[in-house]
Structures are given as structure tokens and as C-alpha cells.
1. With each label point set 7 Å from Cα along the Cα-Cβ vector, what nm distance links L127 and K152?
2. Which residues make up the longest stretch of the chain clear of GluC sites (Glu not before Pro) that lie in a DSSP loop with no more than 11 other Cβ atoms within 10 Å, not counting the sites?
3. By how many nm would the segment from E107 to E211 lengthen if fully extended, with 0.36 nm per residue of separation less the alpha-carbon distance?
4. For the chain, calculate the relative contact order in percent as a whole number, restricting contacts to Cα pairs under 8 Å that are 6 or more residues apart.
5. Using +1 at the C-beta of Lys and Arg and -1 at the C-beta of Asp and Glu, which of I216, N123, F137 has the Cα lying farthest in the positive direction of the dipole of the chain?
6. Rounded, prolate or oblate for region 165-260? Axes are the square roots of the Cα gyration tensor eigenvalues, ordered a ≥ b ≥ c, and the cut-off for rounded is a/c under 1.5.
7. Of L210, L185, how do they rank once you tally other Cβ atoms within 10 Å and put the fewest first?
8. Using the 2.2 N^0.38 Å rule of thumb for compact globular proteins, work out how the chain stacks up: its C-alpha Rg over that value, please.
Amino acid sequence: MSKLLNCLNNKDFSCVPVWFMRQAGRYLPEFRHIRLQNPNFLKLCFNSSLATEITLQPMQRFNLDAAIVFSDILVIPHALGQQIEFANKEGPRSLNFNIGKFLETKEKDFLTTLKPVYDTIKNTKNLLKKEKSLIAFIGAPWTLIIYLYNLKSQNKISGKITIKNKEEIKLIFKKLDEFLKLHILHQKKAGAEIVQIFDSWAGLIEEDCLEEYCFIPNKSLVDFCRDQKIPSICFPKGLKDKYKKFIEKVNPTAINIDQNIDPKWAKKELGTVCIQGGMNPQILLENEKKALEETEKYLETFKNNPYIFNLGHGILPNTNPEIIKKIVDKVNLIKR
């Protein structure tokens, strides 16, 4: 069993697995070379040969414990018939959302569209060393809805998002729940061993809607993962002290904390659940000494807990790969 699976399944804290969100991405010169020749991001995600190569690039550079498939959470709405545009510097946005087309998408068409993702997973699994894990991922329904309706701009004033068309939203939650589970199942069949569930915009949910829009949808996906005997790592970014309630309600295999969570608070309040991440990616842009000191802080804080070293968000594009190597080497020295 890999270090990561041992930590997740057995809560073993004798050593610390390490991987990074967005470890296959823009900070690597070899990725930038491929991206320059492939300006259409979605087409790149669906090019299984190149996506496999990109997935494995950080594994060839660093002694990481897991590869995470190169894809995007928005392949789901795309496979459900929605046009997604990845504009430079503006981030992804949905174009002319058609709820009728979205709700009428058939399982066969959905899986046909996503077949290149499953091919990437199969290819990667065949090339990955046996002691390394392969992580698949999905976006949680709320976060996908934020993109479907281009709602991010709504939070500029209040910091939260108010949903008005609630009946329509319920239909979308139901459709996403069904098809996200289908995607989890087929990623597992292709060779993925772990699923990370990104609820990247959970922090924008009004408090009285957390149960309906965050806890219940995430629990449905986590329960499905448990039924399929595949560990789940949840990342409800921005929930602050509601991380505790999330764990009580959802009960994932592991929880990824964001950079705004005090690791000492997490150790005290989040019980015996396996904890992942937390370190601010911005620190990697500072001097090496500070980055390694911060790494040591997280390792020391969680020394008696099942802990997976990662960040509180993805690696930033202007991160020096050398600092990633030094952090990985430091974590790999830990024996408890």
C-alpha cells in the first residue's frame, strides 16, 4: 500500500505523504512549453497523450507520493453541454447557459465526451511507479454552479452569494450529483485510487444555506466514494470555523484545510480525521529559509496526527520548482 493510501485508510502517521494541488502546471517550464503550443486549455485537457505527459512531469522532477490527473473541474459542465471559455487572466466563464440542454444530457454522451480523461488516467496508471498513488478529482456542485452562472462577481459587495432561482438550482444540484458520481466511478475504473472533491467557493455560501448547498451535496459524494471503497479528500475552501461542522456532517476520509485556517486550531478542533495541506502558497514565493521554516511548522503541529503535506491552495505560477524540491525532500525525511 502506498504512503498516501496508508495515511488515508489506516490513519498511519509514522511518515508524511506529500503532493501538491496544481503540481502539474504553470510553474514548470516543461508544462509552459506544451501550453505554448496548445493555447486551447480544454482541448489540452482532452488530449490524453499530452495530459498523461503533463500529469507525470512533477513525478519525474520530485519524489512525490501521488500524481493528480491533469484535467479541470469544468470538464463536467462541458460534458453536460455547456460552453466554457478559459479567457486569459479572467479565469473560466460559462457562455449562454442553457438549462434545458444541461438537464437533458444523456449518460452515454457525457461519458463519450469524458473518455479522454479516463484514457489519461489509464495511461498514467500504467506508467506510474507502483508505490505512488493516482488522484482523480471533481468540483463540488456548489462550486460548479458558481461557474455555470458566472456568480463570482456577486460577492464583491457582501462577500456572500444569494441564490434567487432556487427551484432551478435544485434541478441542477440533482443533475450534478448524478453525473459527478458517474465521473467518480469511471475515474476509479480507469485506475484512480483517491478522489479529491474541490468546493473552492464554499466560503461564498450564506450561513443559513450551508446545509443545503455545501454539507448535503458533499456528503452525498463522500458516501458514494465510501460505497465504492475509494478514499475522499474534501476541500471546502473558505469555511473558516465551519470546517468543524463540515467534518461532523460530511465525514470525509480526509479534509484539506486552506491557508486561512490556523493549523493549531485545526489540530485541536478537527478531531482524528486525516488532515491535508494548509500552508500558504504565497510563502513559496519568499526566501527559501522562510518557506522551509513554515514547512517545519506544519510538520511539527501535526506530528501526532495522520497528516498529508500539501498547501492551502494550488501552487502559484511564479513558484520556483527548486523550492518545491527542497520542501519535498524535507518532508520525505520525516520518520516517526
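Since every read-out is calculated from the coordinates, none of them should be taken as a lab result. The shown structure was predicted, so the numbers you read here are calculated from the model rather than taken from an experiment. A quick note on method: Cβ atoms are made from the backbone with ideal geometry, for glycine too, and the neighbour counts reach across all protein chains shown.
1. 3.0 nm
2. Working: sites that count: E90, E131.
Between the exposed loop sites, the longest stretch runs 132-336.
3. Values: separation 104, 0.36 × 104 = 37.44 nm, distance 2.81 nm.
That pair, E107 and E211, stretches by 34.6 nm at full extension.
4. On the way: 572 pairs, mean separation 76.0, N = 336.
Contact order relative to length: 23 percent.
5. Farthest towards the positive end: N123.
6. On the way: a/c = 2.07, a/b = 1.22, b/c = 1.70.
Oblate is the answer for region 165-260, as a/c is 1.5 or above yet b/c matches or exceeds a/b.
7. Working: L210 19, L185 15.
Least to most surrounded, the residues fall as L185, L210.
8. Details: Rg = 18.9 Å, N = 336, 2.2 N^0.38 = 20.1 Å.
Its radius of gyration relative to the 2.2 N^0.38 Å reference: 0.94.
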